[in-house]
Amino acid sequence: MLTVYGVYKSRASRLYWLLEELGVPFEKVPVIQARKVPDPLSADAPLNTRSPSFLAVNPMAQIPSIDDDGLVLSESLAILLYLARKHGGPLAPADLSEEGRMLHWLFWGGTTLEPLTVQVTQGDERGAWESEEGQEKLAALGKTMKTPLAVFEAHLAAHGHVAGGRFTVADLGLAEIVRYVQGHPRLLADFPRVRDWLDRCQSRPAFKAMWEKRNAE
Ligand SMILES: N[C@@H](CCC(=O)N[C@@H](CS)C(=O)NCC(=O)O)C(=O)O
């Protein structure tokens, strides 16, 4: 049995989207981010990333993690590729060269783009962009994002998808990373292919199913 640790309103959403795509059954353990809990170690705190029982799963104190019949993994993008490969089908790499391309783009997402986009969504949570100073900081982040987004725009103009000429787990992972800036149309204004690709990814029934559950959480 597959166990997924993490609430929908976290990077676990990308795993839940993939599992909707694959139709794989799983058990959800709703671990919440410790930063969202006033006193994460108090006796009545909900299960959170600092709870001792979750630290035994992921000592990094971060969600998501999975336990797949005893194989415990963290790092959401690695889990995506693992699950896609395990269950196969069109979302998985068809061969080693496709896998290489997916690894390239997923690592790029995790190391180059997400460290920027996640700051935007975390700023949204804190209301950090409401002041004039906040607007300036957001604009500066947008400027830093221009080069990676331009590279991705050119890639999509040439290929339409991240790898393999079809929607794969690599599109899914990157779509969740780009989603973090979607509430700020200005940040994507210069990147029509990225916007069109994101719309296509999010029009998938599996994304919509995940999103509905996320909103209901
Ligand atoms: N690189 C990790 C990052 C995971 C991560 O930062 N998770 C956040 C939630 S989206 C977390 O658990 N934060 C703990 C907290 O905020 O208390 C991954 O992609 O799995």
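The values are calculated or read from the model by the stated rules, or taken from the named source; none is laboratory data. Quick caveat, the model's predicted, so the values are computed rather than measured. Neighbour counts are summed over all protein chains in view; Cβ atoms, including those assigned to glycine, are modelled from backbone coordinates with ideal geometry.
Please tell me if Leu138 is over 21 Å from Leu77 (Cα atoms), touching a residue at least 60 places away in the same chain (Cβ under 8 Å) and assigned to a helix (DSSP H, G or I). Here the answer is no, as Leu138 does not meet what is asked. Being of a type in the set (Phe, Trp, Tyr), more than 29 Å from Val162 (Cβ to Cβ) and within 13 Å of the ligand (Cβ to nearest atom): is that true of Phe107 here? When the stated conditions are applied, Phe107 does not pass them. Can you pull out the residues in segment 46-56 that are surrounded by 15 or more Cβ atoms within 10 Å (Cβ to Cβ) and within 12 Å of the ligand (Cβ to nearest atom)? Residues satisfying the conditions are Asn48, Thr49, Arg50, Ser51, Phe54.
The combined condition, being hydroxyl-bearing (Ser, Thr, Tyr) and under 23 Å from Val7 (Cβ atoms), is not fulfilled by Ser131.
Of the residues Leu103, Leu81, Leu73, the single one that is at pLDDT 95 or above, in a helix (DSSP H, G or I) and not assigned by TED's automatic domain parsing to the domain that holds Thr168 is Leu81.
Does at least one position in segment 169-183 carry a residue that is surrounded by fewer than 18 Cβ atoms within 10 Å (Cβ to Cβ) and more than 28 Å from Lys9 (Cβ to Cβ)? The answer is no, given that none of the residues of segment 169-183 is surrounded by fewer than 18 Cβ atoms within 10 Å (Cβ to Cβ) and more than 28 Å from Lys9 (Cβ to Cβ). In segment 15-44, which residues are touching a strand residue (DSSP E or B) at 6+ places or on another chain (Cβ under 8 Å) and more than 12 Å from the ligand (Cβ to nearest atom)? Correct list: Tyr16, Leu19, Val24, Pro25, Phe26, Glu27, Lys28, Val29. Of the residues making up segment 58-82, those that are among the hydrophobic types (A, V, I, L, M, F, W, C) and either under 16 Å from Gly110 (Cβ atoms) or within 12 Å of the ligand (Cβ to nearest atom) (or both) are Met60, Ala61, Ile63, Ile66, Leu73, Leu77, Ala78, Ile79, Leu80, Leu81. Only one entry of Ser131, Ser65, Ser97 meets the criterion of being within 20 Å of the chain's Cα centre (by Cα) and among the small types (Gly, Ala, Ser), and that entry is Ser65.
When Phe207, Phe191 are checked against the criterion of being buried (at least 17 other Cβ atoms within 10 Å of the Cβ) and touching a residue at least 60 places away in the same chain (Cβ under 8 Å), Phe207 stands alone in meeting it. What are the residues in segment 84-100 that are part of a loop (DSSP other than H, G, I, E, B) and within 16 Å of the ligand (Cβ to nearest atom), if any? Listed by number, the list is empty, since nothing qualifies.
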